[in-house]
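Working notes, beginning with the structure itself.
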Amino acid sequence: MTIKIHDLKPVAGSNRRKKRVGRGIAGKGGKTAGRGTKGQSARGNVPASFEGGQMPLHMRLPKLKGFNNPFRVEYHGINLDTIEESGLDEVSPTTLQGKGLAHKRALVKVLGRGELTRKVTVQAHAFSKSAEAAITAAGGTVEILPKPWGDRRPPVQGNQFANR
């Protein structure tokens, strides 16, 4: 037997009726209707954001322009002249870290400032077009390393307050 849309019903006891308050003293919720006695909240319409006269949260916070992209990828830039001066034949993030040219978990991007005069094997996370052309023109090879987070977007940095 197939189930049709008109056969669907909520489980017994899952949907409860709304409590009708302020309908006399016979049932629960009569007279003051659960609002207590007297005062502002017993009478008029008080907005949910009202803080009793204290400066409201949305007015206390500074008005910030724009936002910080939580998925921003920051690369540590290494120029060709730096690679030339280092004297390394095989350049990778670990060898650059050993020379003090890159941080421990930095994503390395090779940039095109300067010239290469020798054959170099370069491994990095990204290359500029000019750097890639200069390395291959000098007889070297270029190898793009995979990002640590794979083929998905990078993990979020910061929190709900920092990314405004």
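All of the numbers you see were taken from the coordinates with simple rules; none came from a lab. Just so we're clear, the structure is a prediction, and the values are computed from it rather than from any experiment. Neighbour counts are summed over all protein chains in view; Cβ atoms, including those assigned to glycine, are modelled from backbone coordinates with ideal geometry.
Please give me, ordered by residue number, the chymotrypsin sites (Phe, Trp or Tyr not before Pro) of the range 99-164 that lie in loop per DSSP and have at most 12 other Cβ atoms within 10 Å. Please list the in-between numbers first.
Working: sites: F127, W149, F161; in loops: W149, F161.
When the chymotrypsin sites (Phe, Trp or Tyr not before Pro) of the range 99-164 are filtered for loop state and at most 12 Cβ neighbours within 10 Å, W149, F161 remain.
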What is the range 10-122 by shape, rounded, prolate or oblate, if you read a ≥ b ≥ c off the alpha carbon gyration tensor as root eigenvalues and call it rounded for a/c under 1.5, prolate for a/b larger than b/c, and oblate otherwise?
prolate
Kindly identify the range 116-159 as rounded, prolate or oblate by the Cα gyration tensor criterion: order the square roots of the eigenvalues as a ≥ b ≥ c, call it rounded if a/c is under 1.5, otherwise compare a/b with b/c, prolate if a/b is larger, else oblate.
prolate
Compute a Gaussian network model of the chain, connecting alpha carbons closer than 10 Å, and tell me which residue from A26, A106, A126 fluctuates the most.
A26
Could you compute the net charge surrounding E84? Neighbours are other residues with a C-beta less than 10 Å from the C-beta of E84; K and R count +1, D and E count -1.
-2
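Between beta-carbons, use under 13 Å as the cut-off and find the net charge around A134, counting Lys and Arg +1, Asp and Glu -1. The partial results should precede the final answer.
Details: positive: R113, R118, K119, K129; negative: D81, E84, E115, E132.
Result for the neighbourhood of A134: 0.
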More than 19 Å apart - percent of Cα-Cα pairs taken over the range 75-144
18 percent
Here are some pairs, K99/K147; K9/K31; K63/K147; which of them have Cα atoms lying more than 31 Å apart in this structure?
K9/K31; K63/K147
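Treating only the Cβ of Lys, Arg, Asp and Glu as charged (+1, +1, -1, -1), what charge dipole size does the range 75-144 show about its Cα centre? Round to the nearest 20 debye. List each step's numbers first, then the result.
Working: 8 positive and 8 negative charges, 53 e Å.
About 260 debye.
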